[in-house]
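Structure, as structure tokens:
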Amino acid sequence: MTNPRRMSAALVTGALMLVATGCGGGSKKSTTPTTTTLTTTRTTTTASGKKVVHKSTKTVAAKPKSSVPPLSQTPAKTLTFTGSGVKDIGKPDPLRIPTDSTIQWTNTGAIFQIIPASVKVQSPVNSKAHSGTATIKKGAYYGFLINAIGKWTVKIVPGT
């Protein structure tokens, strides 16, 4: 039969050896999500006139704050894109255009197109010219395909 005192001493000695050799213990950062506690209090009166307080508490995970500011808080600045041939812009992050703007474009080839990812958005450019302008309404646009022959530059200038 095993002596409980010897077993406890062996366990403690083993644990100390693990910590001393770096195989145990140590500190870890907590990855516990932020929570919010909601408390509801309700008071009722019994038939005998006694007041009873009912309290319930519920802890829920807090919603993470979005790192993307609302469109109204997005600064109006000129966006510039360059490339050659075919390229997607506005993916994975949307193009955030806070005010009606002008698209200014140049192209060295025989065709230049800006094709929106959404069928709800009209294609702003389909041209055989080497430069031009088009208007674009404010909004968040999830992707435009630039289809061109040759080198191109696209500028989205706010408020013009």
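The values are calculated or read from the model by the stated rules, or taken from the named source; none is laboratory data. It should be emphasised that the depicted structure is a prediction, and the values quoted were computed from it without experimental measurement. Positions of Cβ are backbone-derived with ideal geometry, glycine not excepted, and every protein chain shown enters the neighbour counts. Accessible surface areas use protein heavy atoms only, side chains included; no ligands, DNA or RNA. Shrake-Rupley method; radii C 1.70, N 1.55, O 1.52, S 1.80 Å.
Overview of values
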| quantity | calculated |
| --- | --- |
| Residue count for the stretch 109-141, restricted to those that are open to solvent by 30 Å² or more (accessible area, probe 1.4 Å), under 18 Å from Leu79 (Cβ atoms) and aliphatic (A, V, I, L, M) | 4 |
| Of all residues making up the stretch 109-120, the number that are of a type outside the set (Val, Ile, Thr) and in a loop (DSSP other than H, G, I, E, B) | 5 |
| Every residue from the stretch 74-108 that is open to solvent by 60 Å² or more (accessible area, probe 1.4 Å), part of a loop (DSSP other than H, G, I, E, B) and within 23 Å of Ala129 (Cβ to Cβ) | Thr78, Val86, Asp100, Thr108 |
| Filtered residues of the stretch 142-158 (kept if at pLDDT 85 or above and either open to solvent by less than 80 Å² (accessible area, probe 1.4 Å) or small (Gly, Ala, Ser) (or both)) | Phe144, Leu145, Ile146, Asn147, Ala148, Gly150, Trp152, Thr153, Val154, Ile156, Val157, Pro158 |
